[in-house]
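S.K.: After the structure tokens below, expect a handful of questions from me.
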Amino acid sequence: MSDDDKYTYPGSGGVLINSKGIRDQGRLNEAMNDYASAAMAQLSAEPVPDRLDADYLRSIHERMFERLVPNIAGRTRDVDVQATGTGIPYCRPEYIDENMAGLFRKLEREDYLTGLDERTFADLLADRWGELSAIHPYRDGNTRTQSFYVTTLAERAGHPIDWQRVGVDELRSHRLNAVAGQERGLAEYVHARLLTQADVQASPARRMGRPSFPTSAVESLRQAAPATPRARHGGPTTPDRSQGTGRD
């Protein structure tokens, strides 16, 4: 049973307060997926923005969840959360803004990984994605939000990912290692699944997997947790007594 915090129903075991009054975690997860999928369908129909900055990430989260869990939608986390079932904390709230600013400064300097060859793109994406995952900027919904963000970034950079070849268990393993600072496996995995222009021309539908990929990613990370938090995020390596649980 998970701990409650100010965003959950008292005694619910961590069920977020929501507009539908849902008190069962399984039902709430399904509802969050439904609302996120609807938002992704709308976002996918819009042009890819020039700047994929922290405000864009926040807007994705807000649009996915503002109708269901408005207390956390688009809002930087201000409570401790830990990886489900491990007791290992994500970035402490007081360090989130600093680490987000540093991460997105790097991405802006790199033009959001545009103009790179496939190998360099995959290497940098694995590092940046692992860092963002470890920061865990929102109370819940991080994986859904990041999945859409990464997909958009890859398309903008000219290296779309073939999500049809992404396996749930494989992605889980590589992504969690990246959270712990071991990005090589994720880099190799992503590199092997980048679509070439010939691939896209031969089968344009393979590039249109954005709405379906995040569901796979959500399931993969909901079932596991990182081996260790990244030291560069600062703060103690154990959370305070009041701890939430990142279900994402």
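S.K.: Taking the condition touching a helix residue (DSSP H, G or I) at 6+ places or on another chain (Cβ under 8 Å), among the β-branched types (Val, Ile, Thr), part of a helix (DSSP H, G or I) and modelled with pLDDT of 95 or more, does Ile72 pass?
M.R.: no
Here's the yes/no breakdown for (1) under 24 Å from His159 (Cβ atoms); (2) surrounded by fewer than 17 Cβ atoms within 10 Å (Cβ to Cβ):
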residue	(1), (2)
Tyr90	no, no
Glu94	no, yes
Asn99	no, no
Lys106	yes, yes
Thr114	yes, yes
Gly130	yes, no
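S.K.: Considering only residues of segment 167-202 that are among the hydrophobic types (A, V, I, L, M, F, W, C) and surrounded by fewer than 18 Cβ atoms within 10 Å (Cβ to Cβ), which is nearest to Arg58 (Cα to Cα)?
M.R.: The extreme case among them is Ala180.
S.K.: Given the conditions (1) in contact (Cβ under 8 Å) with a residue 60 or more places away in the chain; (2) buried (at least 18 other Cβ atoms within 10 Å of the Cβ); (3) more than 30 Å from Tyr7 (Cα to Cα), and given that Asn142 satisfies all but one, which numbered condition is not satisfied?
M.R.: That leaves (3) as the condition not met.
S.K.: Condition first: among the acidic types (Asp, Glu), surrounded by fewer than 19 Cβ atoms within 10 Å (Cβ to Cβ) and farther than 17 Å from Thr143 by Cα. Can you find one or more residues in segment 16-34 that meet it?
M.R.: yes
S.K.: Also, quick follow-up: Tell me the residue from Arg51, Arg67, Arg77 that is on the phi < 0 side of the Ramachandran plot, touching a residue at least 24 places away in the same chain (Cβ under 8 Å), among the basic types (Lys, Arg) and crowded, with 19+ Cβ neighbours inside 10 Å, please.
M.R.: Step by step, each of Arg51, Arg67, Arg77 is checked, and only Arg77 is on the phi < 0 side of the Ramachandran plot, touching a residue at least 24 places away in the same chain (Cβ under 8 Å), among the basic types (Lys, Arg) and crowded, with 19+ Cβ neighbours inside 10 Å.
S.K.: Return the residue satisfying two criteria in turn: it lies in segment 130-151 and is more than 19 Å from Tyr35 (Cα to Cα), not in a loop (DSSP other than H, G, I, E, B) and not aliphatic (A, V, I, L, M), and of such residues it is nearest to the chain's Cα centre (by Cα).
M.R.: Among them, the one singled out is Ser133.
The values are calculated or read from the model by the stated rules, or taken from the named source; none is laboratory data. The model shown is predicted, which means the values in this text are computed figures rather than measured ones. Cβ coordinates were reconstructed from backbone atoms using ideal geometry, including for glycine residues, and neighbour counts include every protein chain displayed.
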